[in-house]
Amino acid sequence: MESAVLKNLQYLYIKDGENIYFGAHQEWYEKMWQKRAGCGPTTATMLISYYQSKKNDSTDVTKDKAEFLELMKEIWDYVTPGYRGVNSTSIFVRGCHEYAKKHEIEYEISYLNVMPDKKLRPTTEEIADFILTALADDNPVAFLNLHNGEEKNLDRWHWVLLVSFDSKTGTALMYDQGVSKYINIYLWLKTTLFGGGFVTIS
């Protein structure tokens, strides 16, 4: 398997009047700190919302922005940014676990860390396998980028959601701030200074 894409991308479409967004935007939060530091809980909300839509075999083509924002606010209380945001997969994973326990939801969380020390990082093959396995099972992948290196389509210190991946080129399609963009995971891996990580639930 060289490439994979989510089977139900429509689960991530969010409607606000005549506008349709590709996933959520942290700017929808109401408080200034939430707008600045909300990429982690926003991405966690997309991850969990997709899982719930898939589990319930949802027929909704789009989510309503106002309703989705309420879920974002709730998940903020579990995936809560500190003074440096949600700057590790452990904070993200712990919050998702706590949300699942509170709501009696059963899902498994898998993660893969990319360390600052290049000698300790997973290989491109290991990262490709992690992302492809998740997407092929119809599970989006939350991606933490602490330093974007030479990948100009990524913001530093930021979480996004990966929805497709081509292992031959390293090209991934991400949903970030309500829009879709292509990034190169291999370029990021080669040039990032601080690393990051990947998280998925199933």
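A short reminder: the numbers here are calculations on the coordinates, not readings from a lab. Since this is a predicted model, take the numbers as computed values, not measurements. A quick note on method: Cβ atoms are made from the backbone with ideal geometry, for glycine too, and the neighbour counts reach across all protein chains shown.
The label-point distance for Ser90 and Asp117, in a model that sets each label 7 Å from Cα toward Cβ, rounds to 1.5 nm. Loop sites only, by DSSP: take the GluC sites (Glu not before Pro) in the chain that have at most 12 other C-beta atoms within 10 Å and name the longest stretch containing none of them. In the chain, the maximal stretch lacking such sites is 31-103. The length gained on full extension between His97 and Val179, counted as 0.36 nm times the residue separation minus their Cα-Cα distance, comes to 26.8 nm.
Note on region 114-158: Kirkwood radius taken over Cα pairs, Stokes-Einstein applied at 20 °C and 1.002 mPa s, translational D equal to 179 µm² s⁻¹.
Toward the positive end of the charge dipole of region 76-182, with +1 on the Cβ of Lys and Arg and -1 on the Cβ of Asp and Glu, the farthest Cα among Trp76, Leu135, Phe165 is that of Trp76. With the convex hull drawn around the C-alpha atoms of the chain, the volume per residue stands at 110 Å³. Along the Cα-to-Cβ line of Asn19, 7 Å from the Cα, sits a label point; which residues in region 150-189 have backbone N less than 16 Å from it? Residues 176-180 fall inside that zone. Around the Cα centre of region 3-201, unit charges on the Cβ atoms of Lys, Arg, Asp and Glu (plus for the first two, minus for the last two) sum to a dipole of about 620 debye. Diffusion coefficient (Stokes-Einstein, Kirkwood radius over C-alpha pairs, 10 °C, 1.306 mPa s) for region 90-202: 111 µm²/s, rounded to a whole number.
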